[in-house]
Structure formats: structure tokens, C-alpha cells
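Participant: Please see the structure below; I have some questions.
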Amino acid sequence: MNIPQSSFPRIIIIGGGFGGIALAKKLSKKEVQVVLLDRHNYHTFQPLLYQVSTGGLEPDSIAYPIRKVLQGYPNFYFRLAEVSKIDTERKSVETNIGSIEYDYLVVAAGSRTNFFGNKAIEKKGMAMKTIPQSLNLRSLILENFEQALLTDDLHERDALMNFVIVGGGPTGVELAGALAEIKRGILPKDYPDLDTRRAQINLVQGSDRILPAMSEIASQKAERFLEGLGVNVWKNIRVMDYDGKRVTTDTKTIFDTATLIWTAGVQAVNIPGLDGKELLCRGNRLKVNRFHQVEGFDEIFAIGDVAQMETEAFPHGHPMMAQPAIQQGRSLGENLVKLLEGKPMKPFVYRDKGSMATVGRNKAVVDLPHVKFQGVFAWFVWMFVHLYFLIGFRNRLVVFINWVYNYVRFDREARLIIRPFKKQYRVSGRRS
Ligand SMILES: Cc1cc2nc3c(=O)[nH]c(=O)nc-3n(C[C@H](O)[C@H](O)[C@H](O)COP(=O)(O)OP(=O)(O)OC[C@H]3O[C@@H](n4cnc5c(N)ncnc54)[C@H](O)[C@@H]3O)c2cc1C
């Protein structure tokens, strides 16, 4: 990997996401050699992926070069590399560009979509966890309307304009709201020769309320907002199968659709060599102690989505969200310095700053630790928080300008099929 030997201990961080970047920043001026490995050369701001999928933002404005985040830090090395194995005996990691030894290893590899073993849905459905996946979804949505124009088969046309989003968490809710706004504000103008009133946006949730991790009032309000936008909210329904044309559920409800979007769960990314059954908990997360050490190892740590730290307040681990990852990254940075100085490490305590979701223009729900509110003010708070946590001044400015423009013009101009997504939908098997 062409990384020089140094007299400083080498800390390898796998993953330049929220946790990995927060940790690397904490270590930036310390007497350690930091090697950050990521399979992408950019950090992804996942909370705004749905806006890329729906043409509200360009992908570049929610991605940031990892090298730039840590520019100018001495003893810092980034390598664009996919880690394929961890050898805990030899204390090394193997990647597609070679192997490298560590003194300390931090796994911050995040999570991936969990299809709960349903191969059919994994193959035929759409996930939205990365920028390439969001671009695929953007292309597919737009291609569907182009294709709907070309068919005189009403059933086929309806299926092309029928969207099924599985999972009523923040991602599903935000995506459903954005699609509903496109249906209202953009489709009638873009496709005057298509009856876009027939387009359906279905949000399917397995439990009895959407946004189950938020307060009851937030769930109710979000549902009312969605219904006001024309979204069909289906609760207590579990999606069972999808053959690319028809979604079946555990009830009699079926959906004929060309697009199933799966936002119903994530599971930790596991790396061979550190994926033994004894190390993993629910969601394949690595069990860590209060100092982020993976059970059974003094020199291997895990933070963010990949880590499960069970505490009294969070017996099933912290939520798989950006804040826990950032706070854990910072805490581990401080603890690693303490460890190297021979001082006792400090147990991690998560400060819950609340959660929020937006449903669309002027509509959001916010649960803070001591106050809950919904509506226009919540929407402003949502925007402010997302702008604040975006990495990079240019990204903040571009996103802000885009939001103002979209608000004033009722528009989403990034509705471009730049990289077509290859999926042909035919009910009848005949080409129009
Ligand atoms: C659509 C969506 C919306 C979300 N919305 C919100 C929200 O509104 N609020 C919120 O708090 N959270 C939200 N989240 C969750 C939040 O993004 C995650 O909890 C957070 O990113 C976790 O941070 P992390 O550092 O653990 O992992 P990540 O940020 O996912 O970073 C992991 C990094 O590891 C890299 N990596 C993985 N495997 C390897 C490998 N083998 N080799 C090399 N590199 C590897 C990846 O490329 C990635 O850069 C959302 C997530 C998604 C998908």
C-alpha cells in the first residue's frame, strides 16, 4: 500500500462514514499514524439520498472527498480500498490493493440493506443505501414515466406509475413525501399527454404505525401529512414477495408495480475474519464494551452502525443513526489517546439529541428530548440541522440554493436519466 513505517502506532480505520471521519478528525494532530480505508473516495451524507433519488439534489452535493476532509493532517493516509478480510492473529487487514498490518484497528464499515433473506426482493427490488443506488432509482422512476407514455395497455401503464415503498421509517416516509410532491407539482407539466393522476405512491409498514422509533404524535402527524399529499399508507401489512411485477403481502392486498423500493431494514456490514457467530448480535452488529472494544480483543474497536454497545438506557444498542456514529467516533478518538498514554479510558455515554423526519414542503416532525413539534417550524429545523451536518461549505451552499430554488419554483431540476438503469417492465410481453 506504500505506507511508510513510522515510530508512531498505526491505527487503521475501515470506513470513512460518519463514525470513521469523526474519529480520524479527533486523531488528526496526535502522535499516531492513521490509515483510513474506504471503498469509495468520498463520504456519503446518507440522510439526503432520497433527494438524489427524486431529482431534488445532484449527487455531488451530498458527497465529499475523504482526502479533502483530512487534508493537511500529518501522519494521515487514505487508501481507496475494499477490505475483504481481517486477520486477527497476524493483526493485518486484506484488501483489493494489498494487505497492511495494524497496531489498533477500528471497524466503522456501517451497514447495508437488510432484505431479511428474501432473495426475490433483493433481486427485483430497489435499495437506497449508496449514491449509485440512488442514481439507479432516479433513472428507474423517470424511465417508468417515459415507458408509461408508450403503452396503450392501461394495466401496464398503471403498474409503471405505481410505486411501492416498503418500510415506514424516516427514509420510507421522506421518499414517499418527495414522490407525492413530484406527482403533484412536476408530472402534470412534464407529461401533459399522460394521465399522471393515476400514479400511486404506496407506503407499506409492517407495524401499526409509521416512524415507530419516534413519538406517537410524530407518527400520527406524519401519517396525516402523507395522506394529505395523496400517499396511500398501509399499516400492519408485511410484504412477502415480489417477482418484478406483483408484490404479494401477508394479507389479501397485492400491488402490481414496476417499482418496489425497500427501506425496511439495515444490517451491519460484516468483514470475514471478524464475523464469528460469538461476536455478532442482532442485525449482525459487533458486540462492543463501553470503550468500543470488540468483545475478546483489546486492540480492535467498532463504532457506528456496525457496533452494538448495550447499556442500561439502550439495551439493544444505540440507534443506527448518524449521531451515535459521530459521538462514538469522537469518544473513541479520546479513548485511544488515553490508551496510548497509559491512562484509563472513559466509558461512552450517548447524548440523545432527538430525531426528525420531513414529509415535504413545510411539513416535518421533530422529537427533541424535551419538546416535540410538527409542521412548518419543524421543517425549518430539519433543514437547518441537515445543512449543519453536511460536510463542506460548497455542499451546504449548493444544497441551500437548491432548496430555495425548488421551494420558490415548485421544481426539482435534477430529473435526468444520466446513467440509464436497465430494467424493462412488460406485463403483456409485447413492445409498444
Ligand atoms: C437513506 C438513508 C437515510 C438516513 N437518514 C438518516 C437521518 O435522517 N438521520 C440519521 O441520523 N441517520 C440517518 N441514516 C443513518 C445514517 O446514515 C447511518 O446511521 C450512519 O451513516 C452510520 O455511520 P457509520 O459511520 O457507522 O457508517 P457509514 O456512514 O455508512 O460509513 C461506512 C463507510 O464504510 C465504508 N465501507 C463499508 N464496507 C467497507 C469495506 N469492506 N471496505 C472499505 N470500506 C468499506 C463505506 O463505503 C462507507 O463509506 C440514514 C441512512 C440511510 C441509508
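The values are calculated or read from the model by the stated rules, or taken from the named source; none is laboratory data. Just so you know, these numbers come straight off a predicted model, no measurement behind them. Note that each Cβ is placed from the backbone with ideal geometry, even for glycine, and that neighbours are counted across all protein chains shown. Just so you know, the surface numbers come from the protein's heavy atoms only, side chains and all, with ligands and any DNA or RNA stripped out. Shrake-Rupley method; radii C 1.70, N 1.55, O 1.52, S 1.80 Å.
Participant: Looking at the range 379-391, is at least one residue crowded, with 16+ Cβ neighbours inside 10 Å, in contact with a helix residue (DSSP H, G or I) (Cβ under 8 Å, 6 or more places away or on another chain) and over 28 Å from Ile186 (Cβ atoms)?
Facilitator: Yes, the range 379-391 has at least one match.
Participant: Starting from the range 52-66, take each residue that is under 13 Å from Asn395 (Cα atoms) and list its partners that are among the β-branched types (Val, Ile, Thr) and in a loop (DSSP other than H, G, I, E, B), counting only C-beta distances under 8 angstrom and pairs at least six apart or across chains.
Facilitator: Qualifying pairs under 8 Å: Tyr64/Ile391.
Here's the yes/no breakdown for (1) touching a helix residue (DSSP H, G or I) at 6+ places or on another chain (Cβ under 7 Å); (2) within 16 Å of the ligand (Cβ to nearest atom); (3) over 30 Å from Asn202 (Cα atoms); (4) open to solvent by 10 Å² or more (accessible area, probe 1.4 Å):
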| site | (1), (2), (3), (4) |
| --- | --- |
| Val247 | no, no, no, no |
| Ile261 | yes, yes, no, no |
| Val269 | yes, yes, no, yes |
| Gly283 | no, yes, no, yes |
| His292 | yes, yes, yes, no |
| Glu295 | yes, no, yes, yes |
| Phe301 | yes, yes, yes, no |
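Participant: I'm trying to understand the selection: among the residues of the range 240-273, which are in contact (Cβ under 8 Å) with a residue 40 or more places away in the chain, within 30 Å of Lys85 (Cα to Cα) and assigned to a loop (DSSP other than H, G, I, E, B)?
Facilitator: Thr263, Ala264, Gly265, Val269, Ile271, Pro272, Gly273
Participant: Another question, if that's okay. Counting only residues that are polar (S, T, N, Q), give me the strands (runs of 3 or more DSSP E) lying completely in the range 337-432 with at least 1 of them.
Facilitator: Passing ranges, in order: 355-360, 372-374.
Participant: For Arg10, state whether it is out of contact with any helix residue (DSSP H, G or I) (no Cβ under 6 Å at 6 or more places or on another chain), near the ligand (Cβ under 9 Å from one of its atoms) and at pLDDT 95 or above.
Facilitator: no
Participant: Still on this structure, I have one more. Please count how many residues of the range 96-112 are open to solvent by 20 Å² or more (accessible area, probe 1.4 Å) and either in contact with a Pro (Cβ under 7 Å, 6 or more places away or on another chain) or of a type outside the set (Gly, Ala, Ser) (or both).
Facilitator: The total comes to 6.
Participant: Among Asn136, Asn202, Asn144, which is the only one that is under 28 Å from Phe116 (Cα atoms) and open to solvent by 20 Å² or more (accessible area, probe 1.4 Å)?
Facilitator: Asn136
Participant: Show me the strands (runs of 3 or more DSSP E) found entirely inside the range 9-80 where at least 3 residues are out of contact with any Phe, Trp or Tyr (no Cβ under 9 Å at 6 or more places or on another chain) and under 30 Å from Ile182 (Cα atoms).
Facilitator: Filter on the range 9-80 gives an empty set.
Participant: Of the residues Val52, Val34, Val93, which is away from the ligand (no atom under 12 Å from the Cβ), hydrophobic (A, V, I, L, M, F, W, C), open to solvent by less than 10 Å² (accessible area, probe 1.4 Å) and at pLDDT 95 or above?
Facilitator: Criteria check complete, one pass: Val34.
Participant: Still on this model: So if I check each of Phe18, Phe76, which one is crowded, with 24+ Cβ neighbours inside 10 Å, touching a strand residue (DSSP E or B) at 6+ places or on another chain (Cβ under 9 Å) and aromatic (Phe, Trp, Tyr)?
Facilitator: Answer to the selection: Phe18.
Participant: So Ile100 clears everything in (1) without any contact (Cβ under 8 Å) to a residue 24 or more places away in the chain; (2) over 18 Å from the mean Cα position of the chain (by Cα) except one condition, right? Which one?
Facilitator: Going through (1) without any contact (Cβ under 8 Å) to a residue 24 or more places away in the chain; (2) over 18 Å from the mean Cα position of the chain (by Cα) one by one, Ile100 breaks only (1).
Participant: Also, quick follow-up: So which pairs qualify, if the first residue must be in the range 280-299 and on the phi > 0 side of the Ramachandran plot, the second must be of a type in the set (A, V, I, L, M) and open to solvent by 40 Å² or more (accessible area, probe 1.4 Å), the Cβ gap must be under 8 Å, and the two must be at least 6 apart or on different chains?
Facilitator: So the pair list comes out as Gly283/Val266; Gly283/Met320.
Participant: May I ask you to verify whether Phe45 is surrounded by fewer than 19 Cβ atoms within 10 Å (Cβ to Cβ) and either aromatic (Phe, Trp, Tyr) or more than 9 Å from the ligand (Cβ to nearest atom) (or both)?
Facilitator: In short, no.
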